[in-house]
Every structure is written in structure tokens, then in C-alpha cells.
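Student: To start, I am sharing the structure in question, which I have written as C-alpha cells.
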Amino acid sequence: MLPQVDPMLPTLYQIEKVTKETEDTFTLALNPAQTDGLPPFQPGQFNMLYIYGVGEVPISISGDPAIPRTLVHTTRAVGTVTRAMKQLKKDQQIGIRGPYGSHWPVTEAIGDDIVLVAGGIGLAPLRPALYQVLAMRERFGKVVLLYGTRTPEDILFKKELENWRKRFDLEVYVTVDRATGNWYGNVGVVPSLIPKAPFDPHQTTAMICGPEVMMRFTVHALQNRGMATQNIYVSMERNMKCAIGLCGHCQLGPTFICKDGPVYRFDVIERLFDKREL
Amino acid sequence: MCSEKGKGEAMFTIDVSAFDDLLSAIKAKGYALLGPTIRDRVVVYDQISGSKDLPIGWSDRQEGGTYRLNKRKDQAFFGYSVGPQTWKKFLYPDHLKLWEAHSDGSRIEIEPATPESRRYALIGIRPCELAALAIHDRIFLEGPYLDPHYQALRADTFLLAVNCTEPGGTCFCHSMGSGPAVKQGFDLALTEIVENDDHYFLVNPGSDRGAEILQEVVYHEATAEETARAEKALSDAEYRMGRYMDIDNIRELLYRNLEHPYWEEIAKRCLNCANCTLVCPTCFCSTVEDSTDLSGASASRTRMWDSCFTSQFSYIHGGSVRQSAMARYRQWITHKLASWQDQFGTSGCVGCGRCITWCPVGIDITEAVWALRESEGETRREKTQLTGV
């Protein structure tokens, strides 16, 4: 049992920077308002972010786990809370609880090829995993990032993606559903990148984050390459109120996404994955 | 907490006239007495001052979507089964402020709400309700995170249990292994006997402090005849329950039928009203509401009971995961009877029958299980085949 602090009590953080990523997505960088921040996080974990008087939402951490003091969150302004969050300015305060949930198996995957597959905003929860991989790059085989968005305007972290693409030890493939403007890159859904991606299906760990339908087709494509489902990980999302396994909202079959997820080994939830409205 | 003593221990007898002495002795130890009483023609749980507040001489008739109180021919203190309320209203309140915050526009200060301690005596808690209490203890107190508010309200609860000799029309605790006699987790357990001119309680102390309370009243060691009468009343009760459920491999039954056409049949009737989850003694889902005062200088977070039957419950950007009534009912029953076992090592159903009685259209959890079994070619077994007679 954890120490006797009220787990529903947020810790105060201060906005360091708000960065506009695309038309509807933005990144917050936060530092602890007092000296003590939250415990360090693992790639793939999430925090509960509280906007004063408005509400609280779960958002995955998109920053570097090697710099745990500064929390970085990238999200889309879609609801009351995230829209209010988008209006925040430097030095304003925000409440944070966390970090919560399971994490991407980066250290467990040492020795393997790494395939990261992201759809849309799904790149945000995968970025900490990529940071961790790159921090010990020599301990992995091939490292591949496959990223798909609706249009070129929806691509997150553009500068960073360009820098990653310049590296010789990292394969980055980007595709869009619909080409607009002067896009000369791939057009098509992310799973279509998998047949040609350079990795050894028998010695690869794959980590996927995106809409459920995208993850389903990505898993199929990876299986068609010969990958076993025990080596495929997905990140799931459900409504969440407490993040500590007590409110019941985030159930996925017998699991609670806040503590058994959000990152699942695919074979563990395979039987639940194709069921509608579960 | 209570020790694990059960049936077969030394039994004692108190006359009905000593019942109020028992309550006084409990009250004298500093406990607030909570118990059954009648309001708006139903049995509810509230503060009581003595036996005069109990529904003496009343019984109830319960069926799918039906609850009626009837006068009894005798003056039994506990001659009814459970009503719509559960003890969770005291130990897990429907609204609870978790904290308050203040802001001057830039800085925020958060003030935790100190968990309030209470010393409640639950007078007349039934075996199925004790089982439900044990389930909540496991959820809220066994971590990894615990609920400090539940912990404070539950830290010192005196449990005066009453065995069920008058089961209701929707009861099936015997099928769930939680009744009609209590097994463990109580301070004192009573079995009421009202026959001809006799009116007395057999008393089974389940803890040291229960035994201490008993010392404060006039009692005698139960005679063989008294014990035999109580045992007969309880074994009769096992067969007088209006419902029964076959729980053999029930977890697998639910899991392999996630896509069964029967869910659509239920959905045609289910109103998504959430009554079943509100009356359920084990349902624990909650939501939080964040609000501010008019000036915006203060904000607070309140925890409230929630229900998996609402569309908001599963809402994520773009819409609800469970949009249909079919999906919500399936979630509720599958959680209750199957996934609860994976999560907490116990069934989420204790067989109290409230969800059947208080469903406005009489949807019946036991019927749902039979329907799944019959669709798999099983024949419905008789009650006697299930209870092993």
C-alpha cells in the first residue's frame, strides 16, 4: 500500500511554455511550483491535469524521461478542459497528479529492432519512448518510426521529425491520408508503410499508438510480416476520472486502463480488441 | 475488525425485551445507531433511537419492478428483507467534497478536505450486505491506492447483523453463498424467532467487543430447542428465496457471450435509468465534478456516485464508447458477475435482489444468466439441484 497521502490531491505546476504544434494541438512545458515535483515517469505513462475550476483530464507525457523535472504534455483542444488549457500563459498554474499507468517496454526491448507506429496525436505518447531509445541507441538493432496523419498540416513536432530523418541510425517514414499544399511524400494509411519497413519481424518490439482502428490494421500488417502478438504493444484510451483504479470509468474488460494500461501487450487484450462498444 | 467466528459457536438467547438494552449498550460505547425504518412506504436506513423506530410488524412483497409493504400478523422486528437503500450511503456517501482550491488569478492553493471519522453501528445489517461491505473494504482499502474518506468512515464500525428468516421474492443470496446466515465479519449476529407467544433472538458473538456488549444485557445460553428453531428457520429460508442463480463457471459464461443476441433483447426493455446501479450494495463507480463559486476565487472538487448506464460514463473525445443500451447492460452484468472476479477476487453480486425489484421494467439478472445458459443448450436446473438437496 502506498503512503497515506490523499491520491486525489493535485501537485501544483507552473506553465513554462505553451507551444502551438498544429491548428488544434499544443504542447505544455511545466515545472513544479514548489521545490518538489512528482516522481519520475516512464515513457507511455500519463498524468491527470487539472485546470482551476474547469476540470481534470488524463494526458500522456510527451517529454523526455531523462529530464523528469520538466513535464511536457502534447494534446489536442477537443473538450472544455483542453480548450481552457490551450489559453494558458507562461507562469500560470495547473494541478497535476501522476504519473500513472503502465509504460512502453523500452528497456525490455534492448537487443531488438524497434518499430514505433504512430497515428495523429498518437506520436505524443510514443515520443518519450523514442527519446529513451535514442539515449542508448547502440543497444538496439534497427529503429523505425512510422507516422501517419490526416493531412500534412496535422504533422506534429515537424522540426524534430526533420532532425530525426537526418540521422543515419533512425528510419523515419511519414504518410498522410490526404495530400494538401506542396506535399510530395507518401499518401496512404500508416499500416501501408509496414510491408517495406526495414526490421526483422522475428526480433522486433513494436509499439503502436493511435486510433483503435489504425492500431487494429497496424497489428494485422505486423502479423503479416510474421511478428508475434507478444511483441506488439498498444496504448489504449477510455474515459477516466480518478486514475487510481477506484472510479470504474476506464474499464476495458477485466482491466483498468489507469493501472493495467494504457500500454498493453497486444495478446493480453486481443480478445477484447475487436468487440464493439466494450 | 471482527474475528472470524461463525455458525456452530456457542449461542445465546435474549428476550425481545432486551433488544433495546443491546442498542443502549452499543450507543453507550459511542456509536451512532443506524438502522431500518419506514419512510415513504419503504424500508430505508437512517438514524434510529431504539426498537420503536424499526419497521416492527411489517413485511414486504418484492417482485421484478414491485415493492410493497404489508402488515404482518406478528410483531417481528426484522420480518422484511432489504429495501432500496444500502449502507454505502453512510460509508461511501453519494456526494463528497474532496478538496477546495483558491486562486487570485495566477497562484492556486489547494486545501484537502480532512477525512471525517464516524463511529457507526449498523443495526440489522443483513448477510448479503455484510458480504457487500467486505467487497467495498477490498476495493477501497486494499490498494494499491486507498480511499482515505472511506477508511475514516469505516475505521470503527459496529456490525449488529441480523440473519434472514424472511427472504424476499427477489432474493438469491443462497445461490451467491452470502446468506441467509452470516458467516463472518460481524460483531453480533441475531436470529429472530417469533412463534406463537415466543419472541426472542438467538445471539452469536462474532468479536470480542460483540461479546462485551452481550454482557451488558440479560441473556442465557441457548437451549437445544431454541438453537434448533433458529437453524430450521434459516434452512427454510434457503428454499423460500424467490430467485436462484447458477454460478457454475459464470465468469467464462459471460466472457464467451460478449456478442450474444440476448443483449439486444434486454436493450429493448432497458431504460438506462441507472436504478440498478444506485440500489446495488457493491456498485462503486464515481465521477468528479469541478466547480467554482460565482467570483471564481474558490473552486472545489466533489466526488459523486456514477453509473455505467449513462452516456457520459464512457465519453471520450468524439463520443461515448458505449453508445447503445445493449453495450451498457452488457458492461454492467459482465462486470458484476465476471470481470469483478478478475479485479477483486470475488463476485460483484451478493444476491440481494435489489436490481430486480427496483428495475422499473423488471429486468432480472438471474433470468439473464439462465437465458445465456439455455442458449448454450443447458436445461434450467431446479432450485433443489443447485442448493444440493
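The values are calculated or read from the model by the stated rules, or taken from the named source; none is laboratory data. None of these values were measured; they are calculated from a predicted model. Here the Cβ is made from the backbone with ideal geometry for all residues, glycine too, and neighbour counts use every protein chain on show.
Student: So which residues in segment A:266-278 are buried (at least 17 other Cβ atoms within 10 Å of the Cβ) and either under 20 Å from A:Asn47 (Cβ atoms) or touching a residue at least 40 places away in the same chain (Cβ under 8 Å) (or both), if there are any at all?
Tutor: A:Phe266, A:Phe273
Student: Is it the case that some residue within segment B:251-269 is at positive phi and modelled with pLDDT of 95 or more?
Tutor: no
Student: Sort out which residues of segment A:54-74 are among the aliphatic types (A, V, I, L, M), surrounded by fewer than 20 Cβ atoms within 10 Å (Cβ to Cβ) and in contact (Cβ under 8 Å) with a residue 24 or more places away in the chain, and write them in order of number.
Tutor: A:Val54, A:Ala66, A:Val72, listed by residue number.
Student: Residue under question is A:Thr82, and the condition is that it be under 24 Å from A:Cys247 (Cα atoms) and in contact with a strand residue (DSSP E or B) (Cβ under 9 Å, 6 or more places away or on another chain); does it hold?
Tutor: yes
Student: Of the numbered conditions (1) of a type in the set (A, V, I, L, M); (2) closer than 27 Å to B:Glu238 by Cβ; (3) modelled with pLDDT under 95; (4) in contact with a Lys or Arg (Cβ under 7 Å, 6 or more places away or on another chain), B:Ala113 satisfies every one except a single condition; which is it?
Tutor: The single condition B:Ala113 does not satisfy is (2).
Student: Hey, another quick one. Within segment B:67-109, take every residue that is of a type in the set (S, T, N, Q) and surrounded by fewer than 14 Cβ atoms within 10 Å (Cβ to Cβ) and give me the one that is modelled with the lowest pLDDT.
Tutor: For segment B:67-109, the residue satisfying everything is B:Ser106.
Student: Determine whether B:Leu69 is closer than 28 Å to B:Ser17 by Cα and either not aromatic (Phe, Trp, Tyr) or not in a loop (DSSP other than H, G, I, E, B) (or both).
Tutor: yes
Student: Taking A:Tyr184 and the conditions (1) modelled with pLDDT of 95 or more; (2) more than 20 Å from the chain's Cα centre (by Cα); (3) not in a helix (DSSP H, G or I), which numbered condition does it fall short on, given that it satisfies the others?
Tutor: (1)
Student: Taking the residues in segment A:52-84 that are under 19 Å from B:Ser314 (Cα atoms) and of a type in the set (Ser, Thr, Tyr) as candidates, determine which candidate is nearest to the other protein chains (Cβ to nearest Cβ).
Tutor: Here the answer is A:Thr82.
Student: Could you check segment B:304-344 and list, in sequence order, the residues that are in a loop (DSSP other than H, G, I, E, B), among the β-branched types (Val, Ile, Thr) and more than 7 Å from chain A (Cβ to nearest Cβ)?
Tutor: Across segment B:304-344, the qualifying residue is only B:Thr310.
Student: Can you run down the residue pairs with Cβ atoms below 8 Å, 6 or more apart or on separate chains, where the first is in segment B:202-215 and assigned by TED's automatic domain parsing to the domain that holds B:Leu190 and the partner is surrounded by fewer than 17 Cβ atoms within 10 Å (Cβ to Cβ) and of a type in the set (Lys, Arg)?
Tutor: Pairs found: B:Asn204/B:Lys7; B:Arg209/B:Lys29; B:Ile213/B:Lys29.
Student: Checking B:Thr114 against (1) surrounded by fewer than 21 Cβ atoms within 10 Å (Cβ to Cβ); (2) within 14 Å of another protein chain (Cβ to nearest Cβ); (3) touching an Asp or Glu at 6+ places or on another chain (Cβ under 8 Å), which test does it fail?
Tutor: The single condition B:Thr114 does not satisfy is (3).
Student: Can you pull out the strands (runs of 3 or more DSSP E) entirely within segment A:2-51 that have at least 2 residues that are away from every other protein chain (no Cβ under 14 Å) and crowded, with 17+ Cβ neighbours inside 10 Å?
Tutor: A:25-32
Student: Related question: Quick check on my filter: what residues within segment A:75-91 are surrounded by 14 or more Cβ atoms within 10 Å (Cβ to Cβ) and assigned to a loop (DSSP other than H, G, I, E, B)?
Tutor: Scanning segment A:75-91 gives A:Ala77, A:Val78, A:Gly79, A:Leu88.
Student: In addition: Check whether at least one residue in segment B:189-205 is out of contact with any Gly (no Cβ under 6 Å at 6 or more places or on another chain), more than 22 Å from B:Gly79 (Cβ to Cβ) and either modelled with pLDDT of 95 or more or surrounded by 16 or more Cβ atoms within 10 Å (Cβ to Cβ) (or both), and report yes or no.
Tutor: yes
Student: If a residue must be more than 25 Å from B:Gln85 (Cβ to Cβ), within 13 Å of another protein chain (Cβ to nearest Cβ) and of a type in the set (S, T, N, Q), how many such residues does segment B:244-299 contain?
Tutor: Counting residues in segment B:244-299 that are more than 25 Å from B:Gln85 (Cβ to Cβ), within 13 Å of another protein chain (Cβ to nearest Cβ) and of a type in the set (S, T, N, Q) gives 5.
Student: Restricted to segment A:190-214, and to residues that are of a type in the set (Val, Ile, Thr) and in a helix (DSSP H, G or I), which residue is modelled with the lowest pLDDT?
Tutor: Looking at the filtered set, the residue picked out is A:Val213.
Student: If you scan segment A:157-175, which residues turn out to be under 25 Å from A:Met227 (Cβ atoms), crowded, with 17+ Cβ neighbours inside 10 Å and touching a Lys or Arg at 6+ places or on another chain (Cβ under 9 Å)?
Tutor: Those that are under 25 Å from A:Met227 (Cβ atoms), crowded, with 17+ Cβ neighbours inside 10 Å and touching a Lys or Arg at 6+ places or on another chain (Cβ under 9 Å): A:Leu170, A:Glu171, A:Val172, A:Tyr173, A:Val174.
Student: Among the residues of segment A:246-270, write down those that are of a type in the set (Lys, Arg) and within 13 Å of another protein chain (Cβ to nearest Cβ).
Tutor: A:Lys259
Student: If you scan segment A:215-245, which residues turn out to be away from every other protein chain (no Cβ under 14 Å), crowded, with 23+ Cβ neighbours inside 10 Å and part of a loop (DSSP other than H, G, I, E, B)?
Tutor: A:Met227
Student: Can we say A:His202 is surrounded by fewer than 22 Cβ atoms within 10 Å (Cβ to Cβ), within 20 Å of A:Pro105 (Cα to Cα) and away from chain B (no Cβ under 14 Å)?
Tutor: Considered against the rule, which asks whether it is surrounded by fewer than 22 Cβ atoms within 10 Å (Cβ to Cβ), within 20 Å of A:Pro105 (Cα to Cα) and away from chain B (no Cβ under 14 Å), A:His202 comes out as yes.
Student: Go through B:Ser51, B:Ser59 for me and flag whichever is touching a residue at least 24 places away in the same chain (Cβ under 8 Å), in contact with a Lys or Arg (Cβ under 8 Å, 6 or more places away or on another chain), in the same structural domain as B:Phe158 (by TED's automatic domain parsing) and of a type in the set (Gly, Ala, Ser).
Tutor: It is B:Ser59.
Student: Can you name every residue in segment B:191-233 that is under 21 Å from B:Pro127 (Cα atoms) and of a type in the set (A, V, I, L, M, F, W, C)?
Tutor: Matches in segment B:191-233: B:Ile193, B:Val194, B:Phe201, B:Leu202, B:Val203, B:Ala211, B:Ile213, B:Leu214, B:Ala228, B:Ala230, B:Ala233.
Student: Out of B:Ala237, B:Ala233, B:Ala189, B:Ala181, which single residue is within 21 Å of the chain's Cα centre (by Cα) and in a helix (DSSP H, G or I)?
Tutor: B:Ala237
Student: Moving on. Inspect segment B:9-28 for any residue being of a type in the set (A, V, I, L, M, F, W, C), closer than 20 Å to B:Leu202 by Cβ and at pLDDT below 95 and give the result as yes or no.
Tutor: yes
Student: Counting only residues that are hydrophobic (A, V, I, L, M, F, W, C), under 17 Å from B:Gly79 (Cα atoms) and outside any strand (DSSP E or B), how many does segment B:28-65 have?
Tutor: 2
Student: Just to check your reading of the model, which residue among B:His136, B:His199, B:His149 is more than 14 Å from every other protein chain (Cβ to nearest Cβ) and not aromatic (Phe, Trp, Tyr)?
Tutor: B:His199
Student: On the given criteria, is A:Gly53 over 17 Å from the mean Cα position of the chain (by Cα), small (Gly, Ala, Ser) and closer than 24 Å to A:Lys259 by Cβ?
Tutor: Against the criterion (over 17 Å from the mean Cα position of the chain (by Cα), small (Gly, Ala, Ser) and closer than 24 Å to A:Lys259 by Cβ), A:Gly53 does not qualify.
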